[in-house]
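Single-structure report; data block below.
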Amino acid sequence: QRILRLAEMCRRLETEEEKVLPFYPSSLTEEELQDARRALEETPVEPLAQAMQDYVGLERFWQRFNKAKLEEKVLERTHVALAKRNQHLQQLLQQYLTGVTVKQKVLKD
């Protein structure tokens, strides 16, 4: 119940794009999608599969959770790349400023 309440709260914070297209497009072929649908429609025989039927309602939650985790990883990598680029640009700027200072000293002498 707590997860469902949190999901409702999060739904209010989603952008319009996330509400319309909440997940990435599937990479499965049409045949693989049909096989997956057939497997979901079959009555489970194994105890674990039967227990999982109780949690089918949480599938969208886990999809959203996994999507958020993937986006978090992408943002972390982007942040690291931008930090490296920033450091490189600061070094170039420092070299430029050092060169300008040296040239001015030479001109004064």
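The 3J(HN,Hα) values that the Karplus relation (6.51, -1.76, 1.60; θ = phi - 60°) gives for region 82-87 are, in residue order, 5, 5, 5, 5, 4, 4 Hz. Gly and Pro appear as x. In summary, the convex hull built on the alpha carbon positions of the chain has an orientation-averaged projected area of 13.2 nm².
Applying the Karplus relation 6.51 cos²θ - 1.76 cosθ + 1.60 with θ = phi - 60° to region 10-16 yields 3J(HN,Hα) values of 5, 4, 5, 8, 5, 6, 4 Hz, where x marks Gly and Pro.
Ligands, DNA and RNA are left out, and with a 1.4 angstrom probe the accessible area of the chain is 97 Å² per residue. For E71 and E42, the FRET efficiency from 1/(1 + (r/R0)^6), where r spans their Cβ atoms and R0 equals 35 Å, is about 0.55.
For A49 and Q94, the difference between the fully extended length at 0.36 nm per residue and the C-alpha to C-alpha distance is 10.0 nm.
Couplings 3J(HN,Hα) of region 75-81, computed from phi: 5, 4, 5, 4, 4, 4, 5 Hz, in residue order, whole Hz [Karplus 6.51 cos²θ - 1.76 cosθ + 1.60, θ = phi - 60°; x for Gly and Pro]. Annotated for the chain: lysine pairs at least 8 residues apart or interchain, Cα distance under 25 Å, count 5.
Taking the accessible area of the chain, probe 1.4 Å, and keeping the other protein chains in place, the carbon and sulfur fraction comes to 59%.
The values are calculated or read from the model by the stated rules, or taken from the named source; none is laboratory data. Bear in mind that the values here come from a model prediction, so they are computed numbers and not experimental data. Virtual Cβ from ideal backbone geometry, glycine too; neighbours counted across all protein chains shown. Heavy atoms of the whole protein, side chains included, go into the accessibility calculation; ligands, DNA and RNA do not. Shrake-Rupley method; radii C 1.70, N 1.55, O 1.52, S 1.80 Å.
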